[in-house]
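The values are calculated or read from the model by the stated rules, or taken from the named source; none is laboratory data. What you see is a predicted model; the values in this text were computed from it and never measured. Here the Cβ positions follow ideal geometry from the backbone for every residue, glycine too, while neighbour counts run over all protein chains shown.
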Amino acid sequence: MEYRNEEYRVIDDADELSPARSRVIVDGSVSYGFADGPQFSLSTRWRSLYNDTQRTSLTLAGNQRIGDTGSLSVRMGPEWQDGTMTWRGAIFLRVFPGSGQVATSVNYDLTDGPATVSVYPQGGSGLRRFRWNGQVRGFDNTAGSAESVSARLGYEAYRWEVAATPRAIRDVDSGETEAQSTFQGATALVFAGRSVSISRPVRSSFAIFVARDTVAGNEIGIQPVGDDYRAIIGRLPGVVPDLRSYRPNLINLDGTGLPEGLSLGETTYRFDPVYGAGYRIVVGSEATVYVTGTLVDRLNRNPGLAFGIATAADGAETLFFSDETGYFEIHELKPGTYTLLVDADGRRYTTEIDIAADSRGRIELGPVVIDDEGAEE
C-alpha cells in the first residue's frame, strides 16, 4: 500500500499553489506455476488519485517458455474508472535460435499502442567489440500514428565508447518519410585520491584500481567476462565505471599473466556504494619472489617429505612442503632474511635464507643445508 500527500504548482496567470492532494494505491497479487507448464499471476490495484478520481484494475499475467528457443508473455485485464470499463493488455514474444547468436522480440499492445519488433545479438558482454540492435515500430497503418525503423551500432572500449543511430520515420497520414541520424562519442576523466585515469562514462558509481610498484607495467584484468574483461590495469589505472548503487558489487582481478614471483595479493573486492561514490584500490602485494631449492642435512642427505614454516623478520609466516627428494617451493616472498623451520620424520631442522633487496621473480637456491635440532618433544 502506498500513500502520498503532494503539492503541485498550477501554471497560469495567478501562479498559485493548488491545495495538497492525496494519492492512495493498494496492490495485491497471487501467483501459481505448473511444474512443466506456464506461470500465472493475478493482481488487482485500487487507486484513489488526487481526491477526485478512482481507478480499479484487475490483471491476469501468464508466462510460457517455448522449448529452448523462446518465451511468450501475456498481460490483460479490465480497468474501471467513473463507471466505465476498458480492457488493457499486451503480448510479448521472444525468440532466439539454438545457437544463441541473435534474438528477436515482438511486443504488441492490445489496446492503443503500436507493435514493436526488435532484433539484437545474444552474449557478447565483454568490451572491445561492436554492439548493435534494430527495431521496427508501428506498421499497423493507424491514422495519426507514425511508423519507424531504427538501428544502433556502437563500439565500447575500456576508456571510450561511440555509437551511431540511424532512423527513418513515416507519417501514416501523409506518407512522408523523414530520415534522422545521431552520432555519439563519450569518455570520462575520473580521479580518486591521488590517482587519475580515463574511462568510459561513469553511470553511477566507480572504482579505480591502481597498480603497486611491484606489479606496475604488467597488464592486469578486472572482472573477467567471457574471454574479455570489464577493464584493464595497464599504463593507466583501470576503472570500473558502472558499479550499481545501493547493491553489493563483487569485482575480481585476474593476475594470471603476472611474471613468476609477483602477486596481486587480494583478488576479490566487494563494494556497496551510494550513488556517485568513487573508490581507489591499490592492488599488488609487496611479494616479488618465489624460491625453489632442495633440503639436505650436513651429510648431504635429504629429509624426504617435510613440512616447513618460513618466518620473515617482521614475524610473517609462510607454509611450504618438500617432496620425497627434498625439493620445495615457497611463493610470494618479499626480499629479506627468512628462518626456515622444517619438521620431517619426527625430527626438527632449521636454517636461514637471504633474498637480496632487488630480487624479482624465481630464485633457485639449490641445496639448502638444514641443521638437525633433534627429536620433537
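Data overview
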| item | result |
| --- | --- |
| Residue ID - surrounded by the most Cβ atoms within 10 Å (Cβ to Cβ), chosen from residues in the stretch 245-261 that are part of a loop (DSSP other than H, G, I, E, B), in contact (Cβ under 8 Å) with a residue 40 or more places away in the chain and in contact with a Phe, Trp or Tyr (Cβ under 9 Å, 6 or more places away or on another chain) | Gly261 |
| Scope the stretch 298-327; condition over 25 Å from Leu262 (Cβ atoms) and surrounded by 18 or more Cβ atoms within 10 Å (Cβ to Cβ); matching residues | Asn302, Pro303, Ala306, Gly326 |
| Failed condition for Leu341, given (1) part of a loop (DSSP other than H, G, I, E, B); (2) touching a strand residue (DSSP E or B) at 6+ places or on another chain (Cβ under 8 Å); (3) more than 30 Å from Gly257 (Cα to Cα) | (1) |
| Considering residues of the stretch 115-137 that are surrounded by 14 or more Cβ atoms within 10 Å (Cβ to Cβ) and assigned to a loop (DSSP other than H, G, I, E, B) only, the residue modelled with the lowest pLDDT | Gly124 |
| Candidate set from the stretch 163-187 (those that are assigned to a strand (DSSP E or B) and touching a Pro at 6+ places or on another chain (Cβ under 9 Å)); member that is nearest to Ala143 (Cα to Cα) | Ala179 |
| Only one of Glu324, Glu266 that is assigned to a loop (DSSP other than H, G, I, E, B) and assigned by TED's automatic domain parsing to the domain that holds Arg203 | Glu266 |
| Flag if Arg200 is surrounded by 14 or more Cβ atoms within 10 Å (Cβ to Cβ), closer than 30 Å to Pro224 by Cβ and at pLDDT 90 or above | yes |
| Among the candidates Asp112, Asp68, residue that is farther than 30 Å from Tyr229 by Cβ, modelled with pLDDT under 80 and surrounded by fewer than 16 Cβ atoms within 10 Å (Cβ to Cβ) | Asp112 |
| Qualifying residue in the stretch 353-360 (condition: under 29 Å from Arg212 (Cβ atoms), in contact with a Pro (Cβ under 9 Å, 6 or more places away or on another chain), surrounded by fewer than 18 Cβ atoms within 10 Å (Cβ to Cβ) and in contact (Cβ under 8 Å) with a residue 40 or more places away in the chain) | yes |
